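*Asks:* Once you've had a glance at the structure underneath, I'll fire off some questions.
Readers should treat all values here as calculations from the given coordinates under stated rules, not as data from a laboratory. Not measured: the values here are computed from a predicted model. Quick reminder, even Gly has a Cβ in these numbers, built from the backbone with ideal geometry, and neighbours come from all protein chains shown.
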Ligand code: GLY
């Protein structure tokens, strides 16, 4: 992986150094309406490298990640004379880094960008690994490019203002990375309680370093998701189906909550199909049950959930539902096809485990 990942709570210094090394012709900063108000003023004031930068603000929220927003940003870049040697600095959560990364990847066939994720979910997942894109016609990330930022600067200082729900949403991806990494990382992650009022941000930064390292190692081996990177989809086949069902019911749930539930459901499937340890399944289910609000559904929802899973863009063939499962922590199996009967059996066990 070419992308440099810096873990620091001295964000301004790090950003100045990174930008000095790139030595761009001009700097553009993309933020959403929230980060523009709460995070950006301090960066703009303290970073020498951002003096004179053009700030581009986009709406907050996943609906803003669309072709109209991308077009507005491309036009601003043209109006302000950006070239391939200009730099885009994306300051925000996954929406900003996905959209800003996509605009940068495509403007004049590519200008460099730097990510400064301001949410835990962004830091642990979206900002790292070069997946950029926008939604189209209701499909998430349908149009996009693999394009790594020059650097991503990760700091926990931004997380002070996050609601517990936003922290937990990011933490689900950390649980996923720990499941892919091995028993030691998993027990560290399942022992840490980031909902405790006095949670230790330095300990979180260390956990984050390990967690992002797991993703970075996988991306380095398979940047374009030909094989191994599919492991990072653990929990997401069923998780995305829960997320879509919640959206269809007009009561959306945070992505990470859907992933947390998906991790348990897919651990059930792993235990049924790949021999994943049932004691560990119970420990994982208990942890997630205690921390995350449960997404409620009944067996009447199974056909809809199966339909969502069948539409998943990770499936190679129509009507074949593919999963990344686990033989054990640190031992993923990709491209496992499960039948509707196996999936519904897993959903039954999942509902029992979660008391639904
Ligand atoms: N979010 C999974 C990946 O970057 O591959």
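*Asks:* Modelling each spin label as a point 7 Å along the Cα-to-Cβ direction, I'd like the residue 163/residue 109 distance in nm, to one decimal.
*Replies:* Rounded to a tenth, the inter-label distance reads 4.5 nm.
*Asks:* Quick check: residue separation of residue 80 and residue 316 times 0.36 nm, minus the Cα distance between them. What number comes out in nm?
*Replies:* 80.7 nm
*Asks:* Relative to the present Cα-Cα distance, how much length would full extension add between residue 10 and residue 206 at 0.36 nm per residue of separation?
*Replies:* 69.0 nm
*Asks:* Relative contact order, percent, of the stretch 1-75 when contacts are C-alpha pairs under 8 Å separated by at least 6 residues?
*Replies:* 32 percent
*Asks:* Further question: Could you calculate, for the chain, the ratio of the Cα radius of gyration to the Kirkwood radius, expressed as Rg to Rh?
*Replies:* 0.97
*Asks:* What distance in nm separates the simple spin-label points at residue 25 and residue 71, each placed 7 Å from Cα in the Cβ direction?
*Replies:* Going from the residue 25 label point to the residue 71 one covers 2.5 nm.
*Asks:* At R0 = 30 Å, how high is the FRET efficiency between residue 290 and residue 216 if r is their beta carbon distance? Nearest 0.05 is fine.
*Replies:* E between residue 290 and residue 216, to the nearest 0.05, is 0.50.
*Asks:* In percent, what relative contact order does the stretch 219-313 have, based on Cα pairs under 8 Å that are 6 or more apart in sequence?
*Replies:* 30 percent
*Asks:* Could you work out how far apart the two model spin labels at residue 17 and residue 279 are, taking each label as a point 7 Å from the Cα in the direction of the beta carbon, and quote it in nm?
*Replies:* 4.5 nm
*Asks:* Count the DSSP beta bridges whose two residues both fall in the chain, then state the antiparallel fraction as a percent rounded to the nearest 5.
*Replies:* 35 percent
*Asks:* Could you tell me how far the Cα centroid of the stretch 188-244 sits from the Cα centroid of the stretch 46-81, in Å?
*Replies:* Using only Cα atoms, the two centres lie 28 Å from each other.
*Asks:* Mind checking the angle between helix 236-248 and the chain's longest principal axis? C-alpha axes, 0 to 90 degrees, to the nearest 10.
*Replies:* Once rounded, the angle reads 80 degrees.
*Asks:* Moving on to the next point. For the chain, what is the mean residue ellipticity at 222 nm derived from helices alone (per DSSP H run of n ≥ 4: -39500 (n - 2.57); sum divided by total residues; nearest 500 deg cm²/dmol)?
*Replies:* It lands at -15000 deg cm²/dmol.
*Asks:* Which whole-number percent is the relative contact order of the chain (Cα, under 8 Å, 6+ apart)?
*Replies:* In percent, rounded to a whole number, it is 14.
*Asks:* Can you figure out the FRET efficiency of residue 302 with residue 48, using R₀ = 45 Å and their beta-carbon distance, to the nearest 0.05?
*Replies:* 0.20
*Asks:* Find how many whole Å separate the alpha carbon centroid of the stretch 159-173 from the alpha carbon centroid of the stretch 281-310.
*Replies:* 20 Å
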